[in-house]
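Student: Take this structure first; my questions come after.
Any read-out appearing in this document is the output of simple, stated calculations on the displayed coordinates, not a laboratory observation. Small disclaimer: the values here were computed from a predicted structure and weren't measured. We place every Cβ from the backbone using ideal geometry, glycine too, and count neighbours over all the protein chains shown.
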Amino acid sequence: MAANETDAPAGQEMPADIAEMSFEQALAELERIVEQLERGDVELEKSIDLYARGDALRKHCDALLKRAESKVEKIALDASGNATGTEPLDVDK
């Protein structure tokens, strides 16, 4: 995925290293950042930088999850319960 293909805020590009991460890699780094911030032993400026990176990681994970959801299909059944094919999964129901 190219850096400009993510959900970065307008006028800001997703950092290239984050844009190239898998969901699992981004989530693991996000968890490490949350742990650091929760410990409270990080200086203010570093905390701000970590928070911004964590927000970018969260947005990247969200975009990857939405993309995966769009690929998931459910089995369509007729009135008798027989499979008739597949249709897009409606996650809002």
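Student: Can you sort VAL42, VAL72 so the residue with the fewest Cβ neighbours within 10 Å comes first?
Tutor: By the 10 Å Cβ count, ascending: VAL72, VAL42.
Student: Sticking with this one: Relative contact order, percent, of region 3-88 when contacts are C-alpha pairs under 8 Å separated by at least 6 residues?
Tutor: 26 percent
Student: Treat region 3-88 as a sphere of radius equal to its Kirkwood radius over Cα pairs and apply Stokes-Einstein at 4 °C in a medium of 1.567 mPa s; give the translational diffusion coefficient in µm²/s, rounded to a whole number.
Tutor: For these conditions, the coefficient is 85 µm²/s.
Student: Using 7 Å Cα-to-Cβ label points, what is the LYS74/ASP49 separation (nm, one decimal)?
Tutor: Simple spin-label model gives 4.6 nm for this pair.
Student: A further question on this structure: To make sure I understand, if each residue's beta carbon is the centre and we count other beta carbons within 10 Å, what order do MET14, MET21 fall in, fewest to most?
Tutor: Going from sparsest to densest Cβ surroundings: MET21, MET14.
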